[in-house]
Structure formats: C-alpha cells, structure tokens
Ligand SMILES: [Mn+2]
C-alpha cells in the first residue's frame with residue numbers, strides 16, 4: 001500500500017487534500033503538513049488543501065486553499081483524519097479522479113470506498129501520515145513537521161496524562177527529532193480562542209456533579225451564541241473531567257437533531273462499557289456516541305453511569 005500511494009501521488013499533477021467538517025487541529029495540520037511534504041518533493045505539482053476555516057486553525061496554519069470544480073475533478077484526492085464522506089469539509093471529495101485516505105479512526109459502517117492507510121492505535125492522523133512519509137523516504141520540511149506536531153498535540157488533548165496511549169512519548173520524540181519545536185507548537189496548539197474561555201465558564205456553570213460522575217448538557221445556542229464551533233464544544237469532556245472530582249465526565253452536546261455524548265474517565269471506570277451499553281464505543285477512558293432525540297433518555301444514561309460507579 002505504501003508504494004501504491006507513493007506512485008499514485010507521483011503520477012498525479014493535481015492533488016487535493018481533505019480535512020474534515022468542523023475541523024480540529026489534527027485534520028488541518030495533517031493536511032497542511034502533507035501538502036508541504038509533497039510540494040517539497042514535487043514542486044511542479046498543484047496541491048490544494050480543501051476544507052472549512054475555523055479561527056483557531058487559521059491562526060496556526062493559515063486558511064485552506066480554493067480550487068474550482070474542474071481542478072477537483074482532475075485531481076487525486078487525499079482524505080485525512082476522517083472515515084466517511086459525510087464528514088468531509090469539502091463535499092466535492094467524491095468527485096475526484098482518484099481517492100486515497102490516511103486515517104486513525106476505526107472504520108465505521110459508513111466509510112470511504114478507497115484504499116486507506118489506517119492505524120487505529122495512533123494518537124493523531126498526522127502521526128500516520130508522517131510514518132508513511134518516512135517509510136517511502138520523503139523529506140520532511142520544517143513547516144511540515146511543525147504542522148504534524150501541532151496536529152499531534154491537538155489530538156492529544158483528548159487524553160489526560162494518566163490515560164494517554166503508551167507510545168505517546170515515543171511518537172512525540174520522533175517529531176522533536178525531526179526538528180519539531182515544542183514550545184512554538186504549543187503556542188498554536190493551545191492558543192485559546194476568547195470564545196473558548198467564555199464557553200468554559202458556561203460549562204462550569206452547567207456542570208452537575210453527583211454520585212461519582214459529572215455531566216453537562218449543552219444546547220446549540222450555548223456555543224453558537226459565543227461563535228464557538230460545535231466540534232470544539234463537543235470535545236470539552238476531558239476539560240470537564242479535569243475540573244471535577246468525578247470518576248467519569250459525560251458531556252452531552254446538541255447539534256440540530258443529534259446529541260453527541262463525549263465521555264472521559266480517570267481510573268478503572270470504563271466509559272467504553274458505558275457507551276457500548278447504549279450502542280456507542282471508543283476506548284476504556286475515552287468513548288462516545290451520537291444519540292438522536294428519539295433514543296436520547298438522559299435520566300436512563302445517568303442512572304446507568306451512576307450504577308457503574310457503585311459496582312466498582
Ligand atoms: Mn485526528
């Protein structure tokens with residue numbers, strides 16, 4: 001697969017790279033880093049990063065590129081950091097001449113029908129792309145390793161120091177050895193949008209802590225009024241856990257007819273088992289699920305979550 005991807009890229013004069021809908025730092029940083037690696041190796045190519053701009057990541061990487069429909073149709077598309085076309089930041093992803101994918105999400109029922117290099121154990125998609133670049137012998141320019149490092153740090157925030165994957169340090173070291181500058185990267189990865197600080201204050205007000213768990217239920221208008229993006233709002237569960245004394249934090253975030261549960265835990269409390277009980281999944285200490293108004297019963301979920309505290 002490594003060589004197949006390399007050959008396809010080498011043979012394609014036009015390349016479009018796709019971050020996901022409501023992008024996080026990993027999807028944009030991976031796309032921008034890959035663009036830099038490929039432009040460095042193949043300066044004659046036309047390469048475009050396509051997707052949505054959000055303030056925090058424009059601050060770190062600058063805006064996405066613009067490409068017309070014809071260009072997209074003639075291009076090799078490269079999907080990064082998401083598993084299904086529905087999640088793409090630019091829906092023209094399915095109109096490309098060829099399509100390949102780098103990811104670290106466990107493929108869903110709904111997924112891209114294209115060749116994929118995927119490592120579900122990886123902390124970040126940037127790590128998957130970087131590993132491929134190194135395996136096929138591509139040089140990593142300074143701005144690329146910086147983008148990959150910012151991406152990696154951003155996807156790392158979903159873990160606490162206690163529950164981050166065992167190979168986190170090794171991956172971090174690889175990026176520093178390649179010239180990544182951690183202080184500089186942190187300035188961007190942890191740059192705080194003033195809207196985020198305001199949202200955290202709101203979360204603190206809403207947070208309920210009882211019987212060993214804490215939870216908050218956030219509505220569309222809560223983040224929209226602050227101009228704070230939904231994916232960022234929905235991912236504040238680790239922050240919630242850190243700011244409580246609970247064993248598990250459950251963050252419910254509405255987005256139109258969906259209610260996203262993002263759950264995090266500190267010790268041997270398995271939020272994976274909790275989410276699986278309702279049809280979701282993830283990892284022991286970082287799991288989630290999407291509910292819809294017809295299958296969302298907050299009381300039932302809280303009851304189950306508390307029961308699991310008691311049966312320790
Ligand atoms: Mn990611």
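The values are calculated or read from the model by the stated rules, or taken from the named source; none is laboratory data. Keep in mind that what you see is a predicted model, and the values were worked out from it rather than measured. No Cβ is skipped: glycine too gets one built from the backbone with ideal geometry, and neighbour counts run over all protein chains shown.
For the range 123-132, filtered to residues that are crowded, with 22+ Cβ neighbours inside 10 Å and more than 25 Å from residue 94 (Cβ to Cβ), the residue that is farthest from the chain's Cα centre (by Cα) is 130.
Do you know which residues across the range 8-36 are over 16 Å from the mean Cα position of the chain (by Cα) and assigned to a loop (DSSP other than H, G, I, E, B)? Within the range 8-36, 12, 13 qualify.
Screening residue 222 with (1) loosely packed, with under 14 Cβ neighbours inside 10 Å; (2) within 17 Å of residue 255 (Cβ to Cβ) gives one miss only, at (1).
For residue 39, the conditions (1) on the phi > 0 side of the Ramachandran plot; (2) more than 22 Å from the chain's Cα centre (by Cα) all hold with the exception of (1). For the residues 156, 83, the requirement of being closer than 26 Å to residue 7 by Cα and either modelled with pLDDT under 95 or assigned by TED's automatic domain parsing to the domain that holds residue 251 (or both) singles out 83.
The single condition among (1) within 15 Å of the ligand (Cβ to nearest atom); (2) more than 16 Å from the chain's Cα centre (by Cα) that residue 113 does not meet is (1). Of the residues making up the range 151-166, those that are more than 12 Å from the ligand (Cβ to nearest atom) and either free of Cβ contacts under 8 Å to residues at least 40 places away in the same chain or assigned to a helix (DSSP H, G or I) (or both) are 161, 166. Residues that are under 18 Å from residue 124 (Cα atoms) and out of contact with any helix residue (DSSP H, G or I) (no Cβ under 8 Å at 6 or more places or on another chain) were ranked within the range 89-113; the one that is surrounded by the most Cβ atoms within 10 Å (Cβ to Cβ) is 101. Candidates 97, 73, 91: the one that is at pLDDT 95 or above, away from the ligand (no atom under 16 Å from the Cβ), within 19 Å of the chain's Cα centre (by Cα) and not assigned by TED's automatic domain parsing to the domain that holds residue 279 is 91. In the range 24-44, the residues that are assigned by TED's automatic domain parsing to the domain that holds residue 139 and under 16 Å from residue 142 (Cα atoms) reach residues that are near the ligand (Cβ under 10 Å from one of its atoms) and assigned to a helix (DSSP H, G or I) with C-beta atoms within less than 7 angstrom, at least six apart or across chains, in these pairs: 29/126; 29/151; 29/154; 30/125; 30/126; 30/151; 33/126; 33/151.
Residue 55 meets each of the listed conditions (1) under 18 Å from residue 231 (Cα atoms); (2) away from the ligand (no atom under 16 Å from the Cβ); (3) surrounded by 21 or more Cβ atoms within 10 Å (Cβ to Cβ) apart from (3).
What number of residues within the range 65-80 are assigned to a loop (DSSP other than H, G, I, E, B) and without any contact (Cβ under 8 Å) to a residue 60 or more places away in the chain?
The first filter runs over the range 65-80 and keeps only residues assigned to a loop (DSSP other than H, G, I, E, B), leaving 65-68, 75.
Narrowing further to those that are without any contact (Cβ under 8 Å) to a residue 60 or more places away in the chain: 65-68.
Final tally of qualifying residues: 4.
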